[in-house]
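Everything on this sheet refers to the single structure shown next.
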Amino acid sequence: MKKLVLIFLLLLQIPVISGNNQSQDSSAKRIVGTWFADANRNTRWVFTADGKVFNYDKNTFKVMYRYTISNSCQNNSDDSAEFLTLMDKDGDEFCFRLNGVNENKNGILSMTNMSNMEALLFVNDVNITTAK
C-alpha cells in the first residue's frame, strides 16, 4: 500500500514538471527559424534549435551569437516575462525582453533591447506587413 501511495504521488508530480517545461520551451521552439528585421528586410537573424543565432545583412554573414531564453537577463529578472540573452564569442551579453514570439502564428517577433529600451520587430516572412 505504501508503494502504491508513493507511485501515485510521483504520478501527480509529472504534469507539474512537464507543464513548467512546456511554458518555458514554447518561446524557445517558436523562435527557431529565420526572422527579418521589419525596418530593414535585408537584415535577418536565423535562430537554430541548438542555441545559435546567425546575423546576416544582404545575404552576407555578419556575426554568430549563442542565445538562451529565460526569466532573467543581466540585471533584469521577472517570473512573468521572458528574456533573450545573446552572447558573442568574447563573452559579451546582450539582453532583450521578449514581448511576443509568433503569437497565434502571426509571424512577428517583438522584443525590447534592455540596454536602450528600443523596440525591435522582426517578421518570419518578407511579405508580412506590420502596423507601424
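If R0 is taken as 35 Å, the Cβ-Cβ distance between ASN99 and THR60 corresponds to a FRET efficiency of 0.80. Each peptide in 28-36, 84-92 was scored by the mean count of other Cβ atoms within 10 Å over its residues; highest first, the order is 28-36, 84-92. Bridgeable aspartates and glutamates around LYS89 (alpha carbons under 17 Å apart, same-chain partners fewer than 8 residues away excluded): ASP50.
No value in this document is a laboratory result; all are computed from the given coordinates. Predicted model only: the values in this text are computed from it and were never measured. Quick reminder, even Gly has a Cβ in these numbers, built from the backbone with ideal geometry, and neighbours come from all protein chains shown.
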